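For reference, the structure is listed below as structure tokens.
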Amino acid sequence: MPEPQDLQAVERLSEAYRSIADEISKRIVGQREVIEQLLIALFARGHCLLVGVPGLAKTLMIRTLADALSLSFNRVQFTPDLMPADITGTEVIQEDKQSGTRAFRFLPGPLFANIVLADEINRTPPKTQAALLEAMQEQQVTVGGQRHPLPNPFFVLATQNPIEQEGTYPLPEAQLDRFLFMVLVDYPNEEEELEIVKRTTADVATQLTSTLSADDVIELSRIVRRVPVADHLARYAIQFARRTRVGYGDVPDLVRANVSWGAGPRASQYLILAAKARAVLHGRYYVSADDVRAVAAPVLRHRIVTNFNAEAEGIKPDDIVAHLAKSIPVSEHAA
């Protein structure tokens, strides 16, 4: 049985989720699923990659999330000439006016913030992408042989344009695997687009109220990790990752015919962690199979490498995940 303080903490986090979502909706029309996935990643302490065509407010959404929280925020526009020192920081020689001695002093780069927007991350060369990889994985940067810890909490929210690939450097699978979610940002419906036009063509400034501090985010993310998961649900979750691995175990025919490489163990970890976060955001101190199914696509879509046959047939990773959700059996206790 959960302790009373744990149930109170879950209720607090659920209220915080509703409050943050309401604040974001003051600027962002629709996109409720995208906002929920961003907040799941936030409280699961994971990084997010947002993919969508230009003009869908990906950058504004991330900026608004930072404004709705009392967290420091920096934006980096990734370009082909961006160097690692441009984002990590650099050492400069500084002279002490009193003693006349000179010493190196570290000037931190834009990565030193709680939320970092990596805009068009696939436009920068691999060298700079690798510098970002260390920051994402180790929560530190290394400059001049010295390690500099990044603020806590630390989130990288990156954007990527899927239709313009000329002059880009696609992220390697090893770096894609560091992102908890790949979030697809789709076009708004007609009513939402009408509301967007009304809001953005009027002389109205929207003020947001900050809801949570950095310490609050750290504390609430600890609650997520304390949520228990039954063994049968954990086994159900890992089947989503295991059944994408061609040549290993019981793999569906659709996967065997259309997948080159499947998801690794990090996908299983993230499935459970994201399912826990979703359960708590919805006010529950337990994980259900619905939570696992809800986070399966954003966790797995960038970890499944499809082959030429899938491309020819128009089969995408999301189709693979949808098939797995239908074919993996769920016991009556996990439903």
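Numbers below:
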| read-out | value |
| --- | --- |
| Normalised contact order of the chain, rounded percent, pairs of Cα under 8 Å and 6 or more residues apart | 22 percent |
| Lys, Arg +1 and Asp, Glu -1 on Cβ, resulting dipole of the chain about Cα centre, debye, nearest 20 | 820 debye |
| Equivalent-ellipsoid semi-axes of region 228-335, from the Cα gyration tensor, Å, largest first | 25, 13, 11 |
| Positive-end extreme of charge dipole, region 207-335 - chosen from LEU281, ALA263, VAL305 (charges on Cβ) | ALA263 |
| Under 5 Å, built H, 5+ apart or other chain: amide partners of THR124 | TYR169 |
| Hz values of 3J(HN,Hα) by residue in region 53-68 - Karplus curve (6.51, -1.76, 1.60), Gly and Pro given as x | 5, x, x, 9, 6, 5, 5, 4, 4, 5, 4, 5, 4, 5, 5, 6 |
| Acute angle (nearest 10 degrees) that the helix 190-200 long axis makes with the longest principal axis of the chain, alpha-carbon atoms | 10 degrees |
| Relative packing of 69-76, 128-135, which averages over residues the other C-beta atoms within 10 Å, highest first | 128-135, 69-76 |
| Global geometry of region 54-177, whether rounded, prolate or oblate, following the gyration tensor of its Cα atoms and the 1.5 cut on a/c | prolate |
| Residue exposure sequence - TYR285, TYR17 - by fewest surrounding Cβ within 10 Å | TYR285, TYR17 |
| Among beta bridges that DSSP assigns inside the chain, antiparallel share in %, nearest 5 | 40 percent |
| Lys/Arg +1, Asp/Glu -1 at C-beta; region 1-107 dipole; positive extreme among SER14, VAL53, LEU71 | VAL53 |
| Calculated from backbone phi, Karplus (6.51, -1.76, 1.60) coupling profile of region 214-231 in Hz, x at Gly/Pro | 4, 5, 5, 4, 4, 5, 5, 5, 5, 4, 4, 5, 7, 5, x, 10, 5, 4 |
| Electrostatic dipole magnitude of region 270-335 [Cβ: Lys, Arg +1; Asp, Glu -1; Cα centre; debye, to 20] | 280 debye |
| The chain: most fluctuating residue of LEU82, LEU38, LEU273 per GNM, C-alpha cutoff 10 Å | LEU82 |
| Most fluctuating residue given options SER268, SER210, SER221, as computed from a GNM of the chain linking Cα atoms under 10 Å | SER210 |
| Set of aspartates and glutamates near LYS326 by C-alpha distance (under 18 Å), chain-local residues within fewer than 8 positions excluded | ASP250, ASP253, ASP290, ASP291, ASP318 |
| Ranking of TYR286, TYR270 by count of other Cβ atoms within 10 Å, fewest first | TYR286, TYR270 |
| Listed candidates (i) -0.42, -1.35; (ii) -0.41, -1.19; (iii) -0.36, -1.38 - label of the one calculated as log10 I(q)/I(0) by the Debye sum over Cα atoms at q = 0.08, 0.15 Å⁻¹ | (i) |
| Among MET83, MET182, MET136, residue whose mean-square fluctuation peaks in a GNM of the chain (springs only between Cα atoms under 10 Å) | MET83 |
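All of the numbers you see were taken from the coordinates with simple rules; none came from a lab. These numbers come from a predicted model, not from an experiment. Note that we place each Cβ from the backbone using ideal geometry, even for glycine, and neighbour counts take in every protein chain shown.
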